[in-house]
Amino acid sequence: MLNSNALRKLDMQDLMVFSAVYEQSSVTDVSEALCVSQSTVSYCLKKLRSCFEDELFINTRTGMRPTYKAEGMYDHVRAILQSINRCHAGAPTFDPSRQAVTFNICAPEYFEHLILPQLLQRFDHADLPVTVNVHRLEADIPGEELRDGSLDLVIGFGPSVHSPHASFKSRQLLEEDLVCVVDKRATPLDAQLSLQAFLGRRHVFPTPWNSPTNRVDAWLSQQAHQRQLAARANSYSAALKMITGTDFILTLPRRIQKLLANEAIFNHHEVPKGLPGFTLDMCWSMAADQDSANTWLREQIIKACATREA
């Protein structure tokens, strides 16, 4: 807020005139330097004098001499003009072709299978010296690492799976649903699994991110049911191998099923009605929000996800 309503009448040209008169001591020189008429310079000085209730500059034989108040104002006016120039220039734009850069992303296996390969292909085709280090996602968002900058981004699951703190920025990248996968040689099942059929088989549970809970078992618990687990796997690929030659069921994200579950070996079935899917979300710190390199990385991930939505 301004301390005086009179300050509202000033504009950038008035401040430029003040600074120029202080430095050049000549109305004529100032009008030429700013490409304005001498009458415009005089008008700006009149506004300044009225606003600050001071003569500001006294006309002498050697030029315009600043008053004591003008001398005290000069540094502040220059700082205002410099700040305005910085606002106009904006932050330097990140150019990945000019410098090698390493990004640290905390993400689940889902991201590594579906999004990261596309990113790396784009970087390679454009001959960009970009390195991506992926850190394994745990049960909670690693907030401290986001805040101190040791992580650039966190990719997690939603809603309500990896909920970012209010102090972080976030964006949904895509939506995903689940599908059941079985060996082709397994006992046949209907295309749409009933809850009874789903619970009637033993399950292999992939843990592509470290957490003691998952959406499938949480949903079953709400229905007062519990599935039988045959094994827990560390990856989607390992889980697919574990169900080969058995009647076990594996519940996978649909995009992962299409990518990894060879149709010559596996059948897929729709999950019981009501079993919810999830979203893939991205979050970053407030400090990184205006960082041009971080902004560039987020844009590349959004573009890669858009191709998966198509």
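The values are calculated or read from the model by the stated rules, or taken from the named source; none is laboratory data. Just so it is clear, the model here is predicted, and its values are computed rather than measured. To get the accessible areas, we keep the full protein, side chains included, count just its heavy atoms, and leave off ligands, DNA and RNA. Shrake-Rupley method; radii C 1.70, N 1.55, O 1.52, S 1.80 Å.
The alpha carbon radius of gyration of the chain, expressed as a multiple of 2.2 N^0.38 Å, is 1.64.
Could you work out what % of the accessible surface of the chain is carbon and sulfur, using a 1.4 angstrom probe and leaving DNA, RNA and ligands out of the count? Walk me through the numbers before you get to the answer.
Numbers: 8340 of 17130 Å².
Looking at the chain in its full context, I get 49 percent from C and S.
Quick one: angle between helix 68-89 and the longest Cα principal axis of the chain, in degrees between 0 and 90, rounded to 10, please. The answer is roughly 30 degrees.
In deg cm²/dmol and to the nearest 500, what is the mean residue ellipticity at 222 nm of the chain if only DSSP H runs of at least 4 residues count, each as -39500 (n - 2.57), divided by the residue total? Write down the numbers at each step before the final one.
Values: 13 runs with 131 residues, N = 310.
Dividing the helical sum by the residues of the chain leaves -12500 deg cm²/dmol.
Converting phi to 3J(HN,Hα) with the Karplus coefficients 6.51, -1.76 and 1.60 and the offset θ = phi - 60°, the range 215-222 yields 5, 5, 5, 5, 5, 4, 4, 5 Hz in sequence order, with x at every glycine or proline. The C-alpha atoms of the chain define a longest principal axis, and helix 12-24 lies at about 50 degrees to it. Computed from Cα positions, the angle between helix 116-125 and the longest principal axis of the chain comes to roughly 60 degrees.
How large is the convex hull of the Cα atoms of the range 119-257 per residue, expressed in Å³ as a whole number? Display every interim value, and only then the final one.
On the way: hull volume 21.2 nm³, N = 139.
Spelled out: Cα convex hull of the range 119-257, divided by residues, is 152 Å³.
For residue 69, a cut-off of 24 angstrom between C-alpha atoms picks up these lysines, skipping any fewer than 8 places away in its own chain: 9, 46, 47. Between residue 127 and residue 8, the contour length at 0.36 nm per residue exceeds the Cα-Cα span by 37.7 nm.
Our summary of shape: the Cα atoms of the range 193-266 have principal axis extents of 35, 27, 21 Å, ordered from largest down, in whole angstrom. Solvent exposure of the range 178-276 amounts to 51 Å² per residue of accessible area, where only protein heavy atoms count and the probe is 1.4 Å.
Here the scattering of the range 7-89 is modelled by Debye summation over its C-alpha atoms, one equal scatterer each and no solvent; at q = 0.12, 0.16, 0.21, 0.27 Å⁻¹ the log10 of I(q)/I(0) is -0.32, -0.57, -0.99, -1.52. Straight-line reach from residue 273: taking Cα to Cα under 26 Å and skipping same-chain neighbours fewer than 8 places apart, the lysines in range are 184, 258.
Across 47, 273, 241, mean-square fluctuation computed from a Gaussian network of the chain (C-alpha pairs under 10 Å connected) peaks at 47.
Excluding ligands, DNA and RNA, the accessible surface per residue across the range 7-89 is 65 Å² with a 1.4 Å probe.
In this structure the amide hydrogen of residue 135, modeled in the peptide plane, comes within under 5 Å of the amide hydrogens of 105, 106, 107, none closer than 5 places in sequence on its chain.
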